[in-house]
Structures are given as structure tokens and as C-alpha cells.
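Bear in mind that the values in this text are calculations on the coordinates, not laboratory data. Worth saying up front: this structure is predicted, and the values here are computed from it rather than measured. Counting neighbours? That spans all protein chains shown, and the Cβs are built from the backbone with ideal geometry, glycine included.
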Amino acid sequence: MLKKVAYKIGSAAMTMLLLFSTVSFTVEKHFCGDVLIDVAVFSEVQKCTMEAFKNEQEKITKKSCCKDVLDTLEGQKQLAIKSFDDFDIKQQVFLTSYVFAFNYLIEALPKQIIPHKDYSPPNLIADRQVLDQVFLI
């Protein structure tokens, strides 16, 4: 039972680690001058009101005060899959001894059988020792 729970927890943890190491996403920021207006991770950023006048402003100054910054957090592209033969001899010995110790040296306790579990004692009407005047001395 304990082995199964440990196996499931380990499998779930390794799956989450693999998922989070391969996911990549982009953080999009919109600045108007030096002021941060909006930040978006999974949606479009909201442009400031200066974007509406961008065409008119470009005709006059040829430089916009608004800018968009994209920060990309890249995940892993390729995963390295190693076989047992790729490890050196010390790592192979450690891995085999660990697997052996985990599988064979940790034993579950045997299920104990209680033969009188459902037995209910008879109702006592009188104390037999007092009635017969027999006492242990």
C-alpha cells in the first residue's frame, strides 16, 4: 500500500516537473512613455488612448511615445532520454542497489488474523468467585 502511494506521488511529481519545464509563454507589456499601462500573459494588451492618435503623431514627430515589450519565457525544446547503459559504472551500481533496496528490503507487515474479533462474551449474572467463595491468594 505504501509502495503504491509513493509510486503515484512520485509519478505525479515527475509529470508536473516535465510539464512545467517544457511550457513556454510570452508576457506582453505596453508602455506609454516610461509608464507601464498594461501587462498581459494569455491575452492582448490594452493600448492606451495615445495609440488612437498614433497616425497623426507620426505625421508630425515621426516618433511614437508608446511601445510594446515582449518577454518570452522559453521552455525546453528537446528532452534528453537516457538509457541504463549511458550511466557510468558508479551510477549503475547505485541505481541497481537503490532499486533492490526499495523493492525487496522494505516489506509490508502481514495482515493479522484475529479469530475472536466477532465474539461477544456472555452476560455475567453473578460473580462466580464470590458465590463459591474461591479466591486466589
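Gain in length, ILE81 to VAL41, computed as 0.36 nm per residue apart minus the alpha-carbon separation, to one decimal in nm?
11.3 nm
Of ASP34, ASP118, ASP127, which has the largest mean-square fluctuation in a 10 Å C-alpha GNM of the chain?
Judging by the Gaussian network model, the answer is ASP127.
If you average 1/r over every pair of different alpha-carbon atoms in the chain and take one over that average, what Kirkwood value in Å do you get?
Numbers: mean 1/r = 0.0410 Å⁻¹.
Evaluated on the chain, it is 24.4 Å.
With a length cut of 15 Å (Cα positions projected on each helix's long axis) and a Kyte-Doolittle mean of at least -1.0, go through the chain and give me the DSSP H helices that pass.
Working: long enough: 2-22 (30 Å, 0.93); 89-100 (16 Å, 0.72).
Both cut-offs are met by 2-22, 89-100.
For an R0 of 41 angstrom, estimate the FRET efficiency from the Cβ-Cβ distance between GLU74 and MET1 and round to the nearest 0.05.
My answer for the efficiency is 0.50.
Can you give the calculated 222 nm mean residue ellipticity of the chain, where each DSSP H run of n ≥ 4 adds -39,500 (n - 2.57) and the sum is split over every residue, rounded to the nearest 500 deg cm²/dmol? Kindly include the intermediate steps, with their values, before the conclusion.
Details: 4 runs with 46 residues, N = 137.
Calculated mean residue ellipticity at 222 nm is -10500 deg cm²/dmol.
Too long at a 31 Å Cα-Cα cut-off: which of LYS3/LYS77; LYS29/LYS77; LYS8/LYS117? Don't jump to the answer; show the numbers that get you there.
Working: LYS3/LYS77 33 Å; LYS29/LYS77 25 Å; LYS8/LYS117 34 Å.
Distance filter (> 31 Å) returns LYS3/LYS77; LYS8/LYS117.
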